[in-house]
Amino acid sequence: MNTRTHDTPRLQEVAENVHAYIQPDGGWCLNNAGLIVAGNRSALVDTAATEARARALKEAVTPLTARPPQFVVNTHSHGDHTFGNYLFADDAVVVSHERTRTEMADVGLHLTSLWPEVCWGDVSVELPTLTFRDRLTLHIGDVTAELLHPGIAHTTNDTVVWLPEQRVLFTGDLVMSGATPFCLMGSVSGSLAVTEQLRALDPVTVVAGHGPVGGPELLDVTQGYLRRVQEIAKAGLAAGIGPLEAAREADLGEYADLLDSERLVPNLHRAYAEEKGAPPGRPLDVGLLFSEMVEYNGGLPVCHA
C-alpha cells in the first residue's frame with residue numbers, strides 16, 4: 001500500500017536551470033509546477049491551488065530569478081494549476097490553450113466548493129492573456145520551450161511544455177506519477193493516443209502534473225492503467241452492469257496502489273461512453289460522476305491543499 005506523506009514542497013533541478021516544484025504526496029490538488037530560467041528571463045509552468053501554496057511557490061522561485069517570471073503557462077484549466085496565477089500576473093504574460101481560457105472563465109472558483117473545508121485563502125481567477133490552438137514556441141532567453149496541444153486527454157484543453165534541448169517534458173495532468181490518471185473531462189482513448197505522441201518526443205525527464213519526477217516509465221504506467229480501465233468497461237458492458245458496480249468488482253492488479261484510486265469510477269464512466277460511441281471529450285454529468293466517486297470511496301476524498 002502507498003503511504004501518504006505531505007512533506008514540505010520542494011524545488012528539484014531536473015536539468016541545468018530547469019526546476020520542478022513538487023508538492024507531496026501528489027494527491028488531490030497537490031499539483032506540481034515548473035520553473036525555467038535563462039539569464040534574466042524565466043517562465044513558470046502552472047501555479048498552485050490555494051493562496052498559501054501559491055505564495056510558497058513564489059517564495060521558492062524568487063531566489064532563482066533575476067526578476068519575476070515573464071511567463072506563466074497553464075497546462076489546463078483546473079484550479080490547482082491556475083488559482084495562483086493572480087500572484088504573478090502583474091509581471092507575467094499568462095499563456096494557455098484557447099479552450100483553457102474559456103473553461104476557466106466558465107467554471108470560475110467551482111473547485112473550492114468541492115472541498116469547502118480547505119483553507120483556499122484569497123484566490124481568484126486570473127485568465128490567460130495569450131492563447132494558442134495547436135502549438136506555440138516561447139523563447140526564454142536561450143531556452144526553447146514548445147507548448148503543444150496534443151489532443152483531448154485529461155481535458156479538452158491540455159498543454160504540455162517540451163524543452164527539446166534539455167529533453168524535459170512537463171505534462172500537466174496528462175500524466176500522473178504514483179497517482180491515478182483522471183479522464184473525467186477528457187478521454188480514455190484520447191489519453192492513450194496522446195501518451196504515444198509524448199513517447200515519440202523521446203523525453204529523458206518527465207515532470208508529471210502530480211507526484212515525483214520520473215522518466216518515460218511514467219508513460220508506461222499511464223497507458224497500462226488506462227488499458228485496464230478499457231478492459232473493465234468492456235467487461236462491465238458485456239455483463240450489463242454500470243460503471244459504479246463495475247468499479248466495485250474490478251481488480252486493478254498492479255495499479256491498485258496508485259493514489260486516489262476512487263478516480264476509477266469517473267474513468268469508467270468515460271470509458272463506457274466511448275465504448276458506446278461517444279467522441280472524446282463529450283461533456284458528461286460531472287456532478288453525478290463526482291457523487292458516484294464519493295459513494296464508491298465511502299466519503300469525500302481527502303484533499304490536503
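The values are calculated or read from the model by the stated rules, or taken from the named source; none is laboratory data. Every value quoted in this text rests on a predicted model; they were computed, and no experiment measured them. Using ideal geometry, Cβ is built from the backbone for each residue, glycine included, and neighbour counts are taken over all protein chains shown. These accessible areas exclude ligands, DNA and RNA; they are computed on the full protein's heavy atoms, side chains included. Shrake-Rupley method; radii C 1.70, N 1.55, O 1.52, S 1.80 Å.
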Determine, yes or no, whether Asp106 is assigned to a loop (DSSP other than H, G, I, E, B) and either within 28 Å of Val302 (Cα to Cα) or at pLDDT 95 or above (or both). no
Which of the helices (runs of 4 or more DSSP H) found entirely inside segment 170-276 contain at least 2 residues meeting this: basic (Lys, Arg)? 217-239
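Being open to solvent by 10 Å² or more (accessible area, probe 1.4 Å) and under 19 Å from Val123 (Cβ atoms) is the filter here, so list the residues in segment 89-98 that pass it. Give the derivation first.
Let us first name the residues in segment 89-98 that are open to solvent by 10 Å² or more (accessible area, probe 1.4 Å), namely 89-93, 98.
Once the filter is applied, which keeps residues that are open to solvent by 10 Å² or more (accessible area, probe 1.4 Å) and under 19 Å from Val123 (Cβ atoms), segment 89-98 yields Ala89, Asp90, Asp91, Ala92.
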Checking Asp122 against (1) assigned to a loop (DSSP other than H, G, I, E, B); (2) crowded, with 22+ Cβ neighbours inside 10 Å; (3) not aromatic (Phe, Trp, Tyr), which single condition isn't satisfied? (2)
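Out of the residues in segment 126-154 meeting the condition of being in contact with an Asp or Glu (Cβ under 6 Å, 6 or more places away or on another chain) and touching a residue at least 24 places away in the same chain (Cβ under 8 Å), tell me which one is most open to solvent (accessible area, probe 1.4 Å). Give the steps one after another, and end with the answer.
Step one: list which residues in segment 126-154 are in contact with an Asp or Glu (Cβ under 6 Å, 6 or more places away or on another chain), which gives 131, 133, 137, 149, 154.
Filter once more, so that each one left must be touching a residue at least 24 places away in the same chain (Cβ under 8 Å): 131, 133, 149, 154.
Numbers: Thr131: 57, Arg133: 151, His149: 33, His154: 6 Å².
The extreme case among them is Arg133.
If I ask for residues that are within 21 Å of Trp115 (Cβ to Cβ), part of a loop (DSSP other than H, G, I, E, B) and in contact (Cβ under 8 Å) with a residue 40 or more places away in the chain, which ones from segment 277-302 would you list?
Step one: list which residues in segment 277-302 are within 21 Å of Trp115 (Cβ to Cβ), which gives 284-302.
This time we only want the ones that are part of a loop (DSSP other than H, G, I, E, B), so: 284-285, 298-302.
Matches in segment 277-302: Leu284, Leu300, Pro301, Val302.
Of all the residues that make up segment 25-60, how many are surrounded by fewer than 19 Cβ atoms within 10 Å (Cβ to Cβ) and not in a strand (DSSP E or B)? So that I can check it myself, show each step before the final result.
Restricting attention to segment 25-60, the residues satisfying the condition of being surrounded by fewer than 19 Cβ atoms within 10 Å (Cβ to Cβ) are 38-40, 51-52, 55-56, 58-60.
Filter once more, so that each one left must be not in a strand (DSSP E or B): 39-40, 51-52, 55-56, 58-60.
Here the count works out to 9.
Given the condition touching a Pro at 6+ places or on another chain (Cβ under 6 Å) and buried (at least 20 other Cβ atoms within 10 Å of the Cβ), answer yes or no: does some residue in segment 218-225 qualify? Walk me through it before giving the result.
Filtering segment 218-225 down to residues touching a Pro at 6+ places or on another chain (Cβ under 6 Å) leaves 222, 225.
Checking which are buried (at least 20 other Cβ atoms within 10 Å of the Cβ) leaves us with 222, 225.
The answer is yes; a qualifying residue exists.
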Among (1) closer than 21 Å to Gly287 by Cα; (2) touching a Lys or Arg at 6+ places or on another chain (Cβ under 9 Å); (3) without any contact (Cβ under 8 Å) to a residue 24 or more places away in the chain, where does Asn157 come up short? (3)
Inside segment 244-276, can you point out the residues that are over 25 Å from Ser113 (Cβ atoms), touching a residue at least 40 places away in the same chain (Cβ under 8 Å) and not basic (Lys, Arg)? Tyr255, Asp257, Leu258, Ala271, Glu274, Glu275
From (1) surrounded by fewer than 24 Cβ atoms within 10 Å (Cβ to Cβ); (2) within 23 Å of Val45 (Cβ to Cβ); (3) of a type in the set (D, E, K, R), pick out the condition that doesn't hold for Asp173. (1)
Taking the stated definitions as given, is Val302 touching a Leu at 6+ places or on another chain (Cβ under 6 Å) and either under 25 Å from Ser177 (Cβ atoms) or open to solvent by 40 Å² or more (accessible area, probe 1.4 Å) (or both)? no
Go through Glu245, Glu262, Glu275, Glu292 for me and flag whichever is more than 24 Å from Gly151 (Cβ to Cβ), open to solvent by 40 Å² or more (accessible area, probe 1.4 Å) and charged (D, E, K, R). Glu245
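For Asp106, indicate whether it is under 24 Å from Glu59 (Cβ atoms) and not small (Gly, Ala, Ser).
It is false that Asp106 is under 24 Å from Glu59 (Cβ atoms) and not small (Gly, Ala, Ser).
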